[in-house]
Amino acid sequence: MSQLKGKTALVTGSTSGIGLAMAIGLAKQGVNIMVNGFGEKDNAIAQIKACGVEVDYHGADMSKPAEIADLISQTEKRFGSLDILVNNAGIQHTATVQDFPAAQWDAIIAINLSSAFHTTHYALPGMKKRNWGRIINIASVHGLVGSAQKSAYVAAKHGIVGLTKVVALENAQTGITCNAICPGWVLTPLVQKQVDARAEREKITNEQAKHDLVAEKQPSGNFVTPEQLAALAVFLCSQDASEVRGAAWNMDGGWTAQ
Ligand SMILES: NC(=O)C1=CN([C@@H]2O[C@H](COP(=O)(O)OP(=O)(O)OC[C@H]3O[C@@H](n4cnc5c(N)ncnc54)[C@H](O)[C@@H]3O)[C@@H](O)[C@H]2O)C=CC1
Ligand SMILES: CC(=O)CC(=O)O
């Protein structure tokens, strides 16, 4: 039987992409799930429920600290505890610094970085009481290296890697671990938009644009899959990973090895 059976996870931004795969991966281990995000929530809930666990949904906007406080307290109330926190919600906007709209900068910093501070701040007291917790921050290769036209995203992702280290250190002598996962390209709606823009800009097919996007950065030539990332998250939640603390663990087809 899974060691995780009966625990509760909140996965922010779990209505699509990587977050949905994380939620399903954990649900397959018997973990009850609080879903959050602005995508197709009924579809996400149905897929998670099919794993035989309890599921609920909270529509908190991760750019709003008061809604995040309510999300954590409702999760604890509904399931009795919050054991696994996956900070995953994120958005992207591409432009040079000179052309970057200030409102987009603020939104990316709020959703991709500050939300993880707020969720962690509110989730830690309960985890400390039970002396067990797993906090997994979905960073990116862009938490380790930069790319042009992604100032806010790269700054937020470097920030979340820093936050991960501090949370890990502050809880190093407890049963609470905090780690970051740093994926390379994963074909989700966030990346499909960039593929579409590239196809349009370069007057090439969508397939060619996908190929070129990956080939430019990722030596394997393959997208990372959401399911591969979910398997890593399940490992980080296990007892075998109890001494993995403050890691920024890349799964990127070789992107950051170059
Ligand atoms: N797709 C990729 O290649 C990579 C993605 N990531 C990160 O993975 C995370 C998930 O992204 P993807 O699955 O790719 O994108 P996605 O667009 O499929 O999913 C993003 C999720 O966040 C939710 N969301 C957006 N704004 C929100 C808000 N204000 N409040 C609550 N939820 C909100 C969306 O509704 C959705 O559920 C992001 O943090 C992203 O930066 C990291 C590395 C690579
Ligand atoms: C690799 C990522 O994190 C996705 C992106 O840069 O848009």
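Every number in this text was worked out from the coordinates using simple rules, so none of it is lab data. On a predicted model such as this, the values are computed, not experimentally measured, just so you know. All Cβ positions, even for glycine, are placed from backbone atoms using ideal geometry, and neighbour counts span all protein chains on display.
Right, LYS157: in contact (Cβ under 8 Å) with a residue 24 or more places away in the chain, under 22 Å from ALA197 (Cα atoms), within 16 Å of ligand 2 (Cβ to nearest atom) and in contact with a His (Cβ under 7 Å, 6 or more places away or on another chain) or not? The answer is no for LYS157.
The set of residues in segment 139-176 that are within 24 Å of GLY6 (Cβ to Cβ) and either in contact with a Cys (Cβ under 9 Å, 6 or more places away or on another chain) or part of a loop (DSSP other than H, G, I, E, B) (or both) comprises ASN171, THR174, GLY175.
Would you confirm, using the coordinates I've provided, whether GLN92 is polar (S, T, N, Q), assigned to a loop (DSSP other than H, G, I, E, B) and farther than 26 Å from VAL161 by Cα? Spelling it out, it is not the case that GLN92 is polar (S, T, N, Q), assigned to a loop (DSSP other than H, G, I, E, B) and farther than 26 Å from VAL161 by Cα. Of the set (1) outside any helix (DSSP H, G or I); (2) within 16 Å of ligand 2 (Cβ to nearest atom); (3) more than 29 Å from LYS28 (Cα to Cα), all apply to SER220 but (3). Residues of segment 8-33 that are among the small types (Gly, Ala, Ser) and in a loop (DSSP other than H, G, I, E, B): GLY13, SER14, SER16, GLY30. Residues in segment 1-60 that are under 21 Å from GLN228 (Cβ atoms), hydroxyl-bearing (Ser, Thr, Tyr) and either out of contact with any Phe, Trp or Tyr (no Cβ under 7 Å at 6 or more places or on another chain) or away from ligand 1 (no atom under 16 Å from the Cβ) (or both): SER2, THR12, SER14, SER16.
Would it be correct to say that THR94 is hydroxyl-bearing (Ser, Thr, Tyr), more than 9 Å from ligand 1 (Cβ to nearest atom) and in contact (Cβ under 8 Å) with a residue 24 or more places away in the chain? Judged against the criteria, THR94 is a match. Restricting attention to segment 223-258, the residues that are under 19 Å from ILE138 (Cβ atoms), in a loop (DSSP other than H, G, I, E, B) and not β-branched (Val, Ile, Thr) add up to 7. ALA110 meets the conditions (1) under 20 Å from ALA180 (Cα atoms); (2) out of contact with any Ser or Thr (no Cβ under 7 Å at 6 or more places or on another chain); (3) more than 16 Å from ligand 2 (Cβ to nearest atom) in every case but one. The failed one is (2). Within segment 61-86, being exposed (fewer than 15 other Cβ atoms within 10 Å of the Cβ) and outside any helix (DSSP H, G or I) holds for one residue alone: GLY80.
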